[in-house]
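K.L.:
Pasting a structure below so you can have a look.
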Amino acid sequence: MDQQPPSFSESPIQNGLDSEHDLPLYINNVANDELWHRWATSDRANQRIMELESALAELESKLQSQTKEIERSKQKSSNIFSQLCGTPVRTQSFIRLDVVSVVKRVRSQSESNPRERLQREFYSAIEAETAAMRQLDTLRDTAESLRAQIQSNSFTASEADQLFEILKATVAHYTPNGPSHTRILEDDLVRLQASYDKAQKVLTDLERARITVQHAHHYYSMTLKKLDDVRGVAFSWGGAVTKIKYQAAVEIAIKADTCLKETIRVLEPHLSTIPKAVLVDFEELQTMGLLQASEIYTLMYGAERDAPGVSKTIKLLFQDQETAFVSLTRLAIWVQERVPFVAADLRMARAGRDGGRRNLIIAWKAQVQMGTDGLPNFDSATATTEPTSYG
């Protein structure tokens, strides 16, 4: 049996220098040609993952559209069914009519009978819903296949960053003073890496904001519902039970406000990317917060409850809650819709960074070959991962 080359994780790259030759241990213990080829293999796996991720993002968009279409179809068939249940059955008797007259009369009734028309619409809606469900199942299966392929390539791709740093150290050891065109490529890579890091930070923040603003919206909706249940139709101070219910609403409002503060924190570095209309909502929420319920409770049950103008102030706070809820809803929608675009920006930045690495690796290889014959020729075309077809 052929001996398998050592895996990257087994390579002793963390143990300093070889005392005998004063060379990094990975130079001696990992074949040089393997080092270059392994980076190429890992790079190909990264390229494959980017293709799969792009396809998956497009597919997830189709899944969302298909899900909404099914919901509309279900609503339509439900509405038609309700009409059918509420429409009386009409019967018609025929007395001594010839065949032609019967056929004409049945056809006429079929066209004019609202119940039969509704039945046809109902069956048509059910067929459309069933077809949409089949298509949704197909899309879900394809998405699962894409995720599985991404996972299968992820381990090989994960070595790319570390292998690149090792190659960088290798080149620095053999040829510390590279030609000018190589230094230009290195400068370009620094810029591309900075763009990638920035895009990654934006996506991390937006994904965090998506979670926190959704939680804020959820808790604030619960707060408003509890206050509506307590208030009823008419405004009232209420008794001890009402006070306890207001306290519960305040506790939930505090959770909503905490989530909002975290949303504001992660979005503040990216205010220039927020549209003006949404920025107005953001600034209003930043000023108002989501603790109106706490202020209402303090005014209703605090020492100043009998002071002039308290009732008017409380009513204004209830109005502020409605305004804040509308602003919070719009902000949550914008963040939700923005994340896929930011993810696409990150994929583009990653493609640029990886392309810069690829160009620099070629230049480094040529540089090393001019400085030493210690490394065999490197052909990136021979180091590939076998592509897997996807739907």
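Please treat every number below as a calculation from the coordinates, not as lab data. This is a predicted model, so every value here is computed, not measured. In this analysis, Cβ positions are derived from the backbone assuming ideal geometry, glycine residues included, and neighbour counts consider all displayed protein chains.
K.L.:
How much net charge surrounds Leu59 when only other residues with a Cβ under 12 Å from its Cβ are counted (Lys, Arg +1; Asp, Glu -1)?
P.N.:
-2
K.L.:
Then there's this: Quick one, can you get me the convex hull of the C-alpha atoms of region 203-289 expressed as volume per residue in Å³?
P.N.:
97
K.L.:
Let me ask something additional. Note down the nm distance, to one decimal, between modelled labels 7 Å out along Cα→Cβ at Gln135 and at Arg191.
P.N.:
4.5
K.L.:
If we count every other residue with Cβ under 10 angstrom of Ser195's Cβ, Lys/Arg +1 and Asp/Glu -1, where does the sum land?
P.N.:
+2
K.L.:
Quick check on my link table: of Lys255/Lys312; Lys76/Lys315; Lys255/Lys315, which ones sit more than 31 Å apart, alpha carbon to alpha carbon? Spell out each step's value before the answer.
P.N.:
On the way: Lys255/Lys312 26 Å; Lys76/Lys315 40 Å; Lys255/Lys315 23 Å.
The answer is Lys76/Lys315.
K.L.:
Another question, if that's okay. Less than 21 Å apart at the alpha-carbon level, and either on another chain or at least 8 residues along: which lysines does that give for Lys201?
P.N.:
Output for Lys201: Lys261.
K.L.:
Quick one: net charge around Lys76, please, counting Lys, Arg +1 and Asp, Glu -1 for every other residue with C-beta under 14 Å from its C-beta. Mind dumping the intermediate values first?
P.N.:
Details: positive: Lys68, Arg72, Lys74, Arg120; negative: Glu69, Glu71, Glu121, Glu127, Glu129.
Counting the neighbours of Lys76, the net charge comes to -1.
K.L.:
A further question on this structure: Packing-wise, with mean Cβ within 10 Å as the measure, how do 188-194, 307-313 rank, highest first?
P.N.:
Values: 188-194: 15.0, 307-313: 11.4.
Top of the packing list down: 188-194, 307-313.
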